[in-house]
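**Student:** Structure incoming, see below.
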Amino acid sequence: MNLIDATHDPALKSWVDSANAAGTDFTIQNLPFGRFRRAGSDEPWRIGVAIGDQVLDLKLAAAQCPWADGVADLLQPLAEGDLNAFMAMGSQARSTVRSALSAALAEGSDQGPFLELCLVPQREAEMALPCRIGDYTDFYTGIHHATTVGKLFRPDNPLLPNYKWVPIGYHGRVSSIGVSGQTVRRPSGQTLAPGATEPSFGPCKRLDYELELGILVGPGNALGEPKTMAQAEADWFGLVLLNDWSARDIQAWEYQPLGPFLAKNFASTISPWVVTQEALAPYRAPFAHPQGDPQPLPYLSSEFNSAAGAVDVTLEVWLKTKQMPEPQRLMQSNFRDAYWTVAQLLTHHASGGCNLQPGDLLGTGTLSGPQPGQGGSLLELSNGGKAPLTLASGETRTFLQDGDTVILRAFCAAPGRARIGFGEAAGTVLG
Ligand code: CA
């Protein structure tokens, strides 16, 4: 399986100048898909590709630019604004379209003069959820998060015995998933105050975020027909950033015995641009459980998964309070520290016969790093609210206050490779 091709050449430049600027997320090696329209208009939503500070409108591009045989058909669902239909087509379609877009956007392309007329500045675009998300499942693959949070909730028994054998997850809620820029109303709920014998109902006092990646599923599987690891590897479409907003005081009271419920279903925010698995190919990395841990059962193992199942994505949380002129970075971690890979999550999800569908969203769980300052939530960074963080503005935080904006960012970078970024998933607590 040779994952690297001409589209990943770090020397490749685009005729869209801003795509060549140092530090841009949307280099020509990236080419993520999103759903947009001109801000303030009531035009139908369209699928676009981010390139530098522009969006390539694929409806216009399909109609107004000549394409090689076979490419025009594959562009059709994208031209119609239906990312799910394109996701269902699978890896060969993704690769073919990626190669065609890369060649068309590359410096010197004779398609350039046509496509120049199909660009919309990102600052003039309004973004929607990239696709119809039919179902949302949230996993718990961040072992450092699971251990730290486990200690707070169960000091004697932080990591339950199933953790290293089975990818833990629960079925979440789709209706409250929003795109970056989402405003979040502080939820009310039942909580049991420290020392109280009976719960009370009121606004959440321990509002938190969770730094996650979201996996979007490409081709699904029929009910009752599981996926192999090889199928799962071919069938994931791409990744977005995911903030799984969490109400810790509501969670602590309600989570046993069936797991998260109202503590998690009031809002989830994703980034608008889907970075495809093809764009992530240069950053794939070997995967192994630590020495001495159980090895994955055979249905969750494959040679490819051991050789290149992980993805090296640097993740960051930034916070901006009402008093700050600029956001402040709170931490950095890496997706390589997750306990299960993308293919293992899809394979496990379908292993009992559950039918995954194009556009389904699978959250990775909070991606904390191994060091104390690498918590992917305030629950971890403030040690369960006992150790407030002091911010650059002099303010302190244990949990989120009204008016706070949480910004998730991510990028991939490796020696001899271009940098690609995810844009951001930003959300603000109303107030
Ligand atoms: Ca979560």
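Bear in mind that the values in this text are calculations on the coordinates, not laboratory data. Bear in mind that the values here come from a model prediction, so they are computed numbers and not experimental data. Here the Cβ positions follow ideal geometry from the backbone for every residue, glycine too, while neighbour counts run over all protein chains shown.
**Student:** Which of His8, His289, His144 comes first, and how do the rest follow, when ranked by fewest Cβ neighbours within 10 Å?
**Tutor:** Neighbour counts put them in this order, fewest first: His289, His8, His144.
**Student:** Per DSSP H run of n ≥ 4, the term is -39500 (n - 2.57); total these for the chain, divide by its residue number, and report the mean residue ellipticity at 222 nm rounded to 500 deg cm²/dmol.
**Tutor:** Dividing the helical sum by the residues of the chain leaves -5000 deg cm²/dmol.
**Student:** Within a 10 angstrom radius of the beta carbon, how do Ser200, Ser176, Ser368 rank from fewest other beta carbons to most?
**Tutor:** Ascending number of Cβ neighbours within 10 Å: Ser200, Ser176, Ser368.
**Student:** Which of the three applies to the stretch 312-407, rounded, prolate or oblate, going by the alpha-carbon gyration tensor with a ≥ b ≥ c and a/c under 1.5 meaning rounded? Let's see the in-between values first.
**Tutor:** Details: a/c = 2.65, a/b = 2.19, b/c = 1.21.
Since a/c reaches 1.5 and a/b is larger than b/c, the shape of the stretch 312-407 is classed as prolate.
**Student:** Sticking with this structure for a sec: Counting residues in the chain as N, plug N into 2.2 N^0.38 Å and put the Cα Rg over that result.
**Tutor:** The reported ratio for this selection is 0.97.
**Student:** With angles folded into 0 to 90 degrees, how steeply does helix 143-153 sit against the dominant principal axis of the chain? Use alpha carbons for both and round to 10.
**Tutor:** Orientation of helix 143-153: about 30 degrees from the principal axis.
**Student:** Given 37 °C and 0.692 mPa s, how large is the Stokes-Einstein diffusion coefficient of the stretch 6-128 in µm²/s, with Rh as the Kirkwood radius over Cα pairs? Could you put the intermediate results ahead of the total?
**Tutor:** Numbers: Rh = 14.4 Å.
Reported coefficient: 228 µm²/s.
**Student:** Also, I was wondering about something else. Could you run the Karplus curve 6.51 cos²θ - 1.76 cosθ + 1.60 with θ = phi - 60° over the stretch 381-395 and give me ³J(HN,Hα) per residue in whole Hz, x for Gly and Pro?
**Tutor:** For the stretch 381-395, the Karplus curve yields 5, 9, 6, x, x, 8, 10, x, 7, 9, 8, 4, 6, x, 5 Hz.
**Student:** Within the chain, how many Lys pairs sit with Cα atoms under 26 Å apart, leaving out pairs fewer than 8 places apart on the same chain?
**Tutor:** Pairs that pass both the separation and distance tests number 16.
**Student:** Among Cys131, Cys354, Cys65, rank each residue by its count of other Cβ atoms within 10 Å, from fewest to most, as a rough exposure measure.
**Tutor:** Cys354, Cys65, Cys131
**Student:** Can you tell which of Gly384, Gly363, Gly416 shows the greatest fluctuation in a Gaussian network model of the chain with Cα springs below 10 Å?
**Tutor:** Gly416
**Student:** When DSSP beta bridges are limited to those with both residues in the stretch 6-128, what percentage is antiparallel, rounded to the nearest 5?
**Tutor:** Here the share of antiparallel DSSP bridges comes out near 100 percent.
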